[in-house]
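The values are calculated or read from the model by the stated rules, or taken from the named source; none is laboratory data. Bear in mind the structure is a predicted one, so any value in this text is a computation, not a measurement. Neighbour counts run over all protein chains shown; Cβ positions are idealised from the backbone, glycine included.
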Amino acid sequence: MSLDCIPTVYVILASGISLTLVSAVIGYITLIICRSRQKRTVAWKKTYQRDDSSPESMLDHNLKISRSTPELALENAGLESPNTRYSKAKSFFKSLRQSTMPTVSQRHQIFHRQLSHQIDLSRIEFSVQSAKHNEQPSLGVIKPELYKQESIESMKSEHAVCGQLTYSLQYDYELEQITVGIIQADNLPPKDFSGTSDPYIKTYLLPDRRQKFQSKVHRKTLNPKFHEKYLFSVPFAELGDRFLQFNIYDFDRFSRHDLIGTVSVPDIVPEGCRLTTETFFVRDILTSNQEKFDLGELMITLCYLPTAGRLTITIVKARNLKAMDITGSSDPFVKVTLVCQNKRIKKKKTSVKKTTLNPVYNEAMVFDVPQENVDDVELIIKIIDYDRIGRNEIMGCAAIGPRYVGTGRDHWYEMLENARKPVAQWYTLQEHIPCTEYKSGGGKGCFRYRQATTDSTCSEDTQ
C-alpha cells in the first residue's frame with residue numbers, strides 16, 4: 001500500500017500528538033526551574049527573619065520622613081553591628097533619611113565663600129627649624145621710643161592740629177552711666193568769609209551708633225564755650241571696648257555743613273583713674289591735610305536692607321574734577337570696591353563719561369552684605385580717568401565705613417539708622433584713602449582695631 005493512500009486525517013492526528021508531547025516536556029522543565037528559584041528565595045528571606053533586618057524592612061522603616069535624626073539613632077541602635085554582611089547596605093539606607101536643617105541664602109553663602117577662600121598670611125607664623133644661626137654679638141637694648149617717632153610724624157603729616165577741645169568724664173557705678181561733658185573749644189580755624197565760624201559738636205560713644213548727642217550752635221566765634229553734659233548708659237567693664245568720638249562742624253544755613261575736625265578718645269578710662277569724680281581732659285582737634293587738594297567732589301547715596309542683607313550704593317554725580325587730558329577735560333568713571341576683613345570681596349564700575357569734568361552717572365550698584373557682617377565691611381571709591389592708549393590715572397579717592405574718621409563714618413552710621421531709606425552725601429575727593437583712628441588689641445569685629453593692609457593709597461588697582 002502506497003503512501004498516497006494514507007488518509008489526511010491520520011497525518012493531522014500524528015502531528016498533533018507530537019506537538020502535545022513536546023509542549024509537555026517544555027512545561028515540565030520550566031516547572032522544575034521555577035521551583036528551584038522559589039526555594040532559594042525562601043531560604044534567603046529566612047536568614048533575615050531572625051533580627052528583622054532585611055533590606056525591604058529597613059527600607060520601609062528608614063523612609064519615614066516624619067521621623068527626626070535623633071530618633072533614627074535610637075531606632076537603629078540595635079541594628080548596627082560591624083560583623084554583619086549587610087552593614088554597608090544599612091549605612092546606605094540610613095543616608096536616605098531626610099532631616100530639616102536651617103537654610104542660608106545663596107547670595108550670603110557666596111559672600112562667606114569669597115571671604116573664606118582668601119588666606120590672611122598676616123596671622124601665620126613662619127619659622128625655620130633646621131637652620132643654624134651664628135651667634136651675633138650683643139648690640140644693646142632696643143628703645144621703642146626711637147621707632148614710635150616715625151609713626152607719630154606720619155600721623156602728623158596725615159592730620160593737622162586745628163584747635164583744642166576741653167571735655168570732662170565722670171562715671172556713676174550705681175546707675176552704670178558715664179557723664180560726658182563738653183566744656184569748650186579753642187583756636188578753631190575760620191570757615192566763613194567773615195573770618196569766624198559757627199561751630200557745634202556731635203558726640204558718639206562708638207561702636208554703638210544708636211545714641212548720639214548734638215550741642216547747640218554758637219554763632220561767629222572761634223572759641224565757643226558749650227558747658228553741656230550727656231549721659232551714656234554702659235557697664236564699666238565695657239568701657240575698654242568703647243571709644244569717644246567728637247566731631248566739630250561749622251554750621252551753614254544754605255549749604256552742607258563743613259567738618260572742622262575730629263577728636264577720638266580710645267582710652268576712655270586712663271590707667272589709675274576710676275572717674276569717680278569729674279575729671280577734665282584736653283585733646284587736640286585733628287583735621288586732614290588732604291583737604292587742601294582741589295580734586296573735586298562726588299555725590300553718593302547709600303541704602304541698606306537688613307532683612308535681605310543688601311547694600312545699594314548709587315553714584316549720582318561729580319563736580320569740579322581735575323583735568324587729566326591735554327584738552328583740559330577727562331574721561332572719568334567710578335570704581336567701588338567692597339572690603340571685608342582687609343580682603344577685597346567684590347568690585348564694580350560705572351560707565352565712562354567722555355570729555356567732562358562734571359559727569360552725571362545715576363548708576364546703582366548692589367552688594368550682598370549679611371547683617372552680621374555690616375559692621376565689618378567698608379567701601380573704597382575711586383574716580384579714574386580712562387585712557388585708551390596709556391595707563392588709567394587716579395583722579396581722587398573716598399572711603400565709607402565704620403573705621404574711617406569723618407564724613408565716611410557719619411554717612412555709614414546715618415545709613416544704618418535710616419534702614420531702607422537712601423541717604424545722600426557729598427564727598428570731597430582726596431589724594432589718598434583717609435587713615436583710620438582705632439586703638440590696637442581686643443574688641444569685637446574684624447576691622448575695628450586693625451590697620452588696613454589693602455587699598456592704602458589711590459595709586460593701586462586702576463583697571
Notebook entry, point to check: Can you name every residue in segment 330-361 that is small (Gly, Ala, Ser) and either free of Cβ contacts under 8 Å to residues at least 60 places away in the same chain or assigned to a strand (DSSP E or B) (or both)?
Noted result: Ser351
Next item on the list: Answer yes or no as to whether Arg253 is without any contact (Cβ under 8 Å) to a residue 12 or more places away in the chain and among the basic types (Lys, Arg).
Entry: yes
Item checked: segment 320-345, subset out of contact with any Leu (no Cβ under 8 Å at 6 or more places or on another chain) and of a type in the set (D, E, K, R), residue modelled with the highest pLDDT -> Lys335
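Checking the conditions here, which among Val352, Val360, Val369, Val374 is in contact with a Lys or Arg (Cβ under 6 Å, 6 or more places away or on another chain) and either modelled with pLDDT of 85 or more or over 27 Å from Gln214 (Cβ atoms) (or both)?
Just a single option satisfies the conditions, and that option is Val360.
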Notebook entry, point to check: Considering Asp172, Asp208, Asp186, which residue is out of contact with any His (no Cβ under 7 Å at 6 or more places or on another chain), of a type in the set (D, E, K, R), free of Cβ contacts under 8 Å to residues at least 40 places away in the same chain and within 18 Å of Cys273 (Cα to Cα)?
Noted result: Asp172
Check: Thr327 passes all but one of (1) under 17 Å from Lys202 (Cα atoms); (2) not in a strand (DSSP E or B); which number fails?
Finding: (1)
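So in segment 152-187, with the set limited to residues that are under 22 Å from Tyr404 (Cα atoms) and not in a helix (DSSP H, G or I), which one is modelled with the lowest pLDDT? Please lay out each step first, then the result.
Within segment 152-187, the subset under 22 Å from Tyr404 (Cα atoms) is 152-165.
Filter again for not in a helix (DSSP H, G or I), leaving 159-165.
Details: His159: 68, Ala160: 81, Val161: 87, Cys162: 88, Gly163: 92, Gln164: 93, Leu165: 94.
Looking at the filtered set, the residue picked out is His159.
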Notebook entry, point to check: Of the conditions (1) more than 21 Å from Gln430 (Cβ to Cβ); (2) in contact (Cβ under 8 Å) with a residue 12 or more places away in the chain, Met324 fails just one. Which one is it?
Noted result: (1)
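Examine segment 194-201 for a residue that is under 21 Å from Asp267 (Cβ atoms), modelled with pLDDT of 85 or more and of a type outside the set (Asp, Glu), and state whether such a residue exists. Before you say what the answer is, go through the steps one by one.
The initial filter retains those residues of segment 194-201 that are under 21 Å from Asp267 (Cβ atoms), namely 201.
Narrowing the set further to residues that are modelled with pLDDT of 85 or more leaves 201.
Those left that are additionally of a type outside the set (Asp, Glu): 201.
Within segment 194-201 (the criterion being under 21 Å from Asp267 (Cβ atoms), modelled with pLDDT of 85 or more and of a type outside the set (Asp, Glu)), the answer is yes, since at least one residue qualifies.
Just give me the residues in segment 270-281 being surrounded by fewer than 19 Cβ atoms within 10 Å (Cβ to Cβ) and touching a residue at least 60 places away in the same chain (Cβ under 8 Å), in sequence order. Full working, then the answer.
Going through segment 270-281, the residues surrounded by fewer than 19 Cβ atoms within 10 Å (Cβ to Cβ) turn out to be 270-274, 276-281.
Across segment 270-281, the qualifying residues are Arg274, Thr276, Thr277, Glu278, Thr279, Phe280, Phe281.
Taking Phe254, is it in a strand (DSSP E or B) and of a type in the set (Phe, Trp, Tyr)? Walk me through it before giving the result.
Values: in a strand (DSSP E or B): no; of a type in the set (Phe, Trp, Tyr): yes.
When the stated conditions are applied, Phe254 does not pass them.
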Next item on the list: Identify, by number, the condition in (1) in a strand (DSSP E or B); (2) surrounded by 14 or more Cβ atoms within 10 Å (Cβ to Cβ) that Leu239 doesn't meet.
Entry: (1)
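Going through Val339, Val352 one at a time, which residue ends up being in contact with a strand residue (DSSP E or B) (Cβ under 8 Å, 6 or more places away or on another chain) and surrounded by 20 or more Cβ atoms within 10 Å (Cβ to Cβ)?
Values: Val352 fails: surrounded by 20 or more Cβ atoms within 10 Å (Cβ to Cβ).
Checking each option against the conditions leaves just Val339.
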Notebook entry, point to check: In segment 324-383, how many residues are among the polar types (S, T, N, Q) and under 26 Å from Leu416 (Cα atoms)?
Noted result: 7
Next item on the list: Considering each residue of segment 189-209, count those that are among the charged types (D, E, K, R) and under 30 Å from Asp376 (Cβ atoms), and give that number.
Entry: 3
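Condition test on Val263, is it over 17 Å from Tyr361 (Cβ atoms), at pLDDT below 95, crowded, with 19+ Cβ neighbours inside 10 Å and assigned by TED's automatic domain parsing to the domain that holds Ser197?
On the way: over 17 Å from Tyr361 (Cβ atoms): yes; at pLDDT below 95: yes; crowded, with 19+ Cβ neighbours inside 10 Å: yes; assigned by TED's automatic domain parsing to the domain that holds Ser197: yes.
Yes, satisfied.
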